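Visitor: One structure follows; several queries about it will come next.
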Amino acid sequence: MSAIAMTSETVVQTPAAEVETSRPFFSVRDVHSYYGESYIVQGVSLDIRKGEILALLGRNGAGKSSTLRTIARTDSPQMRQGEIWLDDQPIHQMKSFEAARAGIQLVPEDRRIIPGLTVEENIALAKVAPGHGWDVEQIYESFPRLAERRKQEGVTLSGGEQQMLAIARALARDLKLLLLDEPYEGLAPVIVHEIERILHSIKPLGITTIIVEQNAVAALKLADRAVILDTGEVVFSGTAKEVLDNAELRHEYLAI
């Protein structure tokens with residue numbers, strides 16, 4: 001039997017060979033989240049295998065960033081229904097710091113580089129315990145730009161370098177699931193390619209990534225799978241290639 005992903009007007013069929021029979025590494029099950037009484041995330045479900053990159057797409061206001069924040073267990077939005085599982089561990093009843101300890105790291109759109117601290121100090125602060133996450137030399141090997149600026153105050157870096165630093169801080173922890181909110185915003189293409197190189201390099205390590213990005217084509221070319229949201233609901237779930245090959249789907253839900 002084939003797995004079927006549906007939109008309001010189209011049915012996209014995924015070959016049975018692509019269906020994962022074992023338990024997914026990460027699962028969101030019928031999640032509903034609210035900002036006050038505003039109903040934002042409306043029954044979202046998704047599955048990701050270990051080491052996959054998933055592009056979470058949709059127009060502005062579709063609920064993408066709110067879904068990431070719900071997964072990261074931030075205080076807002078408030079999740080009122082559903083389950084979240086990471087590596088057979090229930091996440092849905094955790095606080096944000098507990099989810100971070102379990103291996104979920106959110107890199108928000110504003111990156112939250114700590115003022116007054118150097119690159120080196122920003123990374124060191126993220127390192128919660130010896131033997132967990134990447135050591136600083138591993139980070140500098142993968143991020144040579146940061147190695148060159150290790151003594152520079154983090155907030156004085158360029159936008160692309162700050163994005164690299166935010167990802168490096170996540171890697172300094174015991175990272176299993178990386179959540180990226182608009183990582184390419186305002187960045188030059190050469191920096192985007194550098195970040196894509198880094199994300200590809202961590203896939204073989206089993207690090208799973210969800211990327212929310214307005215540059216949908218770039219995200220789809222990077223990703224293995226894609227989920228499209230519309231007004232807080234999933235309207236498509238399938239491979240990234242299926243979205244790239246479906247002009248009607250891209251036009252209706254992504255305006256591309």
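Visitor: Take the residues of segment 78-98 that are part of a strand (DSSP E or B) and among the charged types (D, E, K, R): which is farthest from residue 177 (Cα to Cα)? Step through it out loud before you land on a result.
Guide: Kept after step one, since they are part of a strand (DSSP E or B), are these residues of segment 78-98: 78-86, 89-90.
Now restrict to residues that are among the charged types (D, E, K, R): 80, 83.
Values: 80: 22, 83: 16 Å.
Top of the filtered list is 80.
Visitor: Do we have residue 161 as free of Cβ contacts under 8 Å to residues at least 40 places away in the same chain and either surrounded by 21 or more Cβ atoms within 10 Å (Cβ to Cβ) or of a type in the set (Phe, Trp, Tyr) (or both) here?
Guide: Yes.
Visitor: Of the numbered conditions (1) of a type outside the set (Gly, Ala, Ser); (2) modelled with pLDDT of 95 or more; (3) under 27 Å from residue 100 (Cα atoms), residue 239 fails exactly one; give the number of that condition.
Guide: Only one criterion is unmet by residue 239, namely (3).
Visitor: Here are the criteria: (1) assigned to a helix (DSSP H, G or I); (2) over 21 Å from residue 173 (Cβ atoms). Tell me which single one residue 139 does not satisfy.
Guide: The number of the failed condition is (2).
Visitor: Surrounded by 18 or more Cβ atoms within 10 Å (Cβ to Cβ), closer than 25 Å to residue 238 by Cβ and either free of Cβ contacts under 8 Å to residues at least 12 places away in the same chain or in contact with a helix residue (DSSP H, G or I) (Cβ under 6 Å, 6 or more places away or on another chain) (or both), is that true of residue 146?
Guide: No.
Visitor: Are any residues in segment 73-125 of a type in the set (Val, Ile, Thr) and more than 24 Å from residue 63 (Cα to Cα), and if so, which ones?
Guide: 113, 114, 118, 119, 123
Visitor: So is residue 113 of a type in the set (Val, Ile, Thr), part of a helix (DSSP H, G or I) and either closer than 27 Å to residue 215 by Cβ or in contact (Cβ under 8 Å) with a residue 60 or more places away in the chain (or both) or not?
Guide: For residue 113, the condition - of a type in the set (Val, Ile, Thr), part of a helix (DSSP H, G or I) and either closer than 27 Å to residue 215 by Cβ or in contact (Cβ under 8 Å) with a residue 60 or more places away in the chain (or both) - is not met.
Visitor: Moving on to the next point. Count, please, the residues in segment 99-110 that happen to be surrounded by fewer than 21 Cβ atoms within 10 Å (Cβ to Cβ) and either in a helix (DSSP H, G or I) or of a type in the set (Lys, Arg) (or both).
Guide: Residues that pass the stated criteria total 2.
Visitor: Step by step: first the residues of segment 243-254, then only those that are assigned to a helix (DSSP H, G or I) and touching a residue at least 12 places away in the same chain (Cβ under 8 Å), then the one that is farthest from the chain's Cα centre (by Cα). Which residue is that? Walk me through it before giving the result.
Guide: Just the residues of segment 243-254 that are assigned to a helix (DSSP H, G or I), to begin with: 243-244, 247-254.
After this cut, where a residue has to be touching a residue at least 12 places away in the same chain (Cβ under 8 Å) as well, the list is 243-244, 248-250, 252-254.
Working: 243: 18, 244: 19, 248: 25, 249: 22, 250: 20, 252: 23, 253: 20, 254: 18 Å.
Among those residues, the one meeting the criterion is 248.
Visitor: Given the conditions (1) surrounded by fewer than 18 Cβ atoms within 10 Å (Cβ to Cβ); (2) modelled with pLDDT of 95 or more, report the number of the one that residue 86 does not fulfil.
Guide: Answer for residue 86: the failing condition is (1).
Visitor: I'd like the full set of residues that are closer than 24 Å to residue 185 by Cβ, outside any loop (DSSP other than H, G, I, E, B) and not aliphatic (A, V, I, L, M), limited to segment 39-77.
Guide: If the condition is that a residue be closer than 24 Å to residue 185 by Cβ, outside any loop (DSSP other than H, G, I, E, B) and not aliphatic (A, V, I, L, M), then 64, 65, 66, 67, 69, 70 are the ones that fit.
Visitor: Something else now. For residue 206, are the conditions met, namely being in contact (Cβ under 8 Å) with a residue 24 or more places away in the chain and touching a Gly at 6+ places or on another chain (Cβ under 7 Å)?
Guide: Working: in contact (Cβ under 8 Å) with a residue 24 or more places away in the chain: yes; touching a Gly at 6+ places or on another chain (Cβ under 7 Å): yes.
For residue 206, the condition - in contact (Cβ under 8 Å) with a residue 24 or more places away in the chain and touching a Gly at 6+ places or on another chain (Cβ under 7 Å) - is met.
Visitor: Then there's this: Select from segment 167-181 the residues that are crowded, with 21+ Cβ neighbours inside 10 Å and either outside any helix (DSSP H, G or I) or within 13 Å of the chain's Cα centre (by Cα) (or both) and list them in ascending order.
Guide: Restricting attention to segment 167-181, the residues satisfying the condition of being crowded, with 21+ Cβ neighbours inside 10 Å are 167-172, 175, 177-181.
Scanning segment 167-181 gives 167, 170, 172, 175, 177, 178, 179, 180, 181.
Visitor: Please verify whether segment 8-23 includes one or more residues that are modelled with pLDDT of 95 or more and either surrounded by 14 or more Cβ atoms within 10 Å (Cβ to Cβ) or part of a strand (DSSP E or B) (or both).
Guide: no
Visitor: Is there any pair with a first residue in segment 226-242 that is more than 12 Å from residue 55 (Cβ to Cβ) and a second that is at pLDDT below 95 whose Cβ atoms are under 7 Å apart and which are 6 or more apart or on different chains, and what are they?
Guide: That search, which allows pairs on different chains as well, returns 235/7; 235/8.
Visitor: If I filter segment 48-60 down to residues being more than 12 Å from residue 209 (Cα to Cα) and in contact with a strand residue (DSSP E or B) (Cβ under 9 Å, 6 or more places away or on another chain), which single residue comes out as surrounded by the most Cβ atoms within 10 Å (Cβ to Cβ)?
Guide: Residue satisfying both the conditions and the ranking: 57.
Visitor: Scan segment 198-214 and tell me whether some residue there is assigned to a helix (DSSP H, G or I) and buried (at least 21 other Cβ atoms within 10 Å of the Cβ).
Guide: no
The values are calculated or read from the model by the stated rules, or taken from the named source; none is laboratory data. Quick caveat: nothing in here was measured; it's all calculated off a predicted structure. Counting neighbours? That spans all protein chains shown, and the Cβs are built from the backbone with ideal geometry, glycine included.
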